[in-house]
1. Give the angle, between 0 and 90 degrees and rounded to the nearest 10, that separates the Cα long axis of helix A:257-282 from the longest principal axis of the Cα atoms of chain A.
2. Net charge around B:L27, counting only other residues with Cβ within less than 11 Å of its Cβ (Lys, Arg = +1; Asp, Glu = -1)?
3. For A:Y337 paired with B:C48, estimate the spin-label separation in nm (one decimal), with each label point 7 Å from Cα along the Cα-to-Cβ line.
4. What is the order of B:T97, B:T86, fewest Cβ neighbours within 10 Å to most?
5. Other chains' Cβ within 10 Å of B:56-64 residues: what's the mean?
6. 7 Å from Cα along Cα→Cβ at both B:L118 and A:F317: what's the point-to-point distance in nm?
7. Show which lysines lie in cross-link reach of B:K126 when reach means a straight Cα distance below 23 angstrom and same-chain residues fewer than eight apart are skipped.
8. Towards the positive end of the charge dipole of chain A, with charges on Cβ (+1 Lys, Arg; -1 Asp, Glu), say which of A:V26, A:Q139, A:A233 has the farthest Cα.
Amino acid sequence: MVIAFVLLLLLVIIYTVFAVYIERKVSAFAQDRLGPMEVGKFGILQTVADLLKLIQKEDIIPKTADKFLFLVAPVIIFTAVFSGFAVIPLTSGIIGSIASVGVFYLLAIISLDVLGILMAGWGSNNKYTIYGAMRAVSQIVSYEVPLGISVLCAVVICQTLNLQEISFQQGIWIQQYQTETINYSNELNYLFGIKKLGIEVTDIGGFLTWNVVRMPLLFFVFIIFFISSLAEANRTPFDLPEAESELIGGFHTEYTGFRWSMVMLAEYAMMLLVSFVAAILFFGGWNTPFPNIGSLRLAEWTSGLPGTVMGNIWGIFWILLKVFALILVQMWIRWTYPRLRVDQLMSLCWKYLTPISLVLLFICAIWRLLMI
Amino acid sequence: MENILISEFSYILLFIVGAIVFIAGGLITAWIIRPSRPNDEKKTSYECGEDPVGNAWGQFNIRFYIVALIFILFDVEIIFLFPWATVFGQQTLVETTSGVWGWFAITEMSIFIFILTLGLVYAWKKGYLDWVKPLPKTEDFNSKVPYSLYEKVNQKYTVPSSKPE
């Protein structure tokens, strides 16, 4: 849908402008400062001013750089991250593409990000950028393994790769989902997903049908997903690729002006994207958290029928609330934890997260068979 | 069905092309309004103000290569797992085989994962997963003057009122 493209592009841009501002305010709060205060009331227009400045900056290309790689890299980085949004369902009615490969496509396309980073680092022909790029690439590919497996855990429970279908499964509108080949009108949800318990929650909905409740261990899977997504987005405590105190700016040291802001935009878009995926896979996507209790139809009052205007408004409201909460946690972590060492980074990924996620995948698979 | 699939992928293409157009728009705007006054100093590589020595395109730590190799192993595993994950628990398939389908699929995949995990264990045992770790420096200097003598000197010259306020 074209409207989803427009909405998501606007969302990414507006969100980035304010996320940079919020991030600076959160860091200021964490360090007992005021943060930006000059431009606009409480400095709220600070990032807008920064953007205006950035777009007027000279575009400097180092003379030793590989010009082609250097110029193309930011385009690839941003495009790779933004294309991931194509399969994100904003509401029950608004989604870019309902291609059935869904989350698989998403994982594939955001890996191209690595290519852009490597091109940027190598193309700059600067020692810092190469160090930064190498660290970034090794970190991102390593953490893609636990990330992929934790996504798989949710896919195993839902039996589909389509993020819209996954969202429908987690709410009171489950029976409304219909495509040419799939008919959900007889689908039922049970508490903890298990039929044998005999507690049907199809009509109750709310948080009781979220994936974290359908399979309680998915909460631990979510933690693994969250840690790996921090590493994927190069956020602290995994920000070795752009460790300011050692590597100046990491792989984007040589970039100036608008090209630099592209890299920055991609980084914030990545935070948004992984939070979207986490919200959809584990916390019900655009579904309301309130359950129907008897005649108290909380779930129905706080979510409209799929396809209606109210359904879209409530959907956007709930999913953005969940996503922004997750982003706030990411910021909170950034200003709380110190940076990891390279060896700690690698051993955390390969010796802890990967084996644990494999075990969890096995348990999830068995749980799925109990759900039938 | 096929047409739906193609039109859905065209929306994905829309996102890719749209992102490139958006960046191109920004770059053109920036190109129109930004100054361009390059000089030699500006165009040198940034190295904290020093003149850069040599070329950055040199040799690199082999460990990055090993990490990439292990990653490829696991990425292939994950690619195989995705199609498996969407079919092994399909209700109709499980019900028509009275439950055998699901357990059989899980067993098969467990064997596959087990073999790959052996690879991880091998790499772990071989120490390929260990990055270079900074070793703590320990003093191996043995003084012939006993420690208590130092203590005595310290106590003698400690001013009693030198506590921080």
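Derivation of every value follows stated rules applied to the coordinates shown; laboratory data play no part. Predicted model only: the values in this text are computed from it and were never measured. Here the Cβ positions follow ideal geometry from the backbone for every residue, glycine too, while neighbour counts run over all protein chains shown.
1. Around 20 degrees separate the two axes.
2. Details: positive: A:R259, B:R34; negative: A:D59.
Overall, the nearby charge balance is +1.
3. About 2.8 nm, to one decimal.
4. B:T97, B:T86
5. Numbers: counts 12, 6, 2, 0, 3, 4, 0, 4, 5.
Mean shielding by partner chains, rounded to a whole number: 4.
6. Going by the 7 Å Cα→Cβ label model, 5.7 nm.
7. Those lysines meeting the cut-off are A:K351.
8. In chain A, that residue is A:V26.
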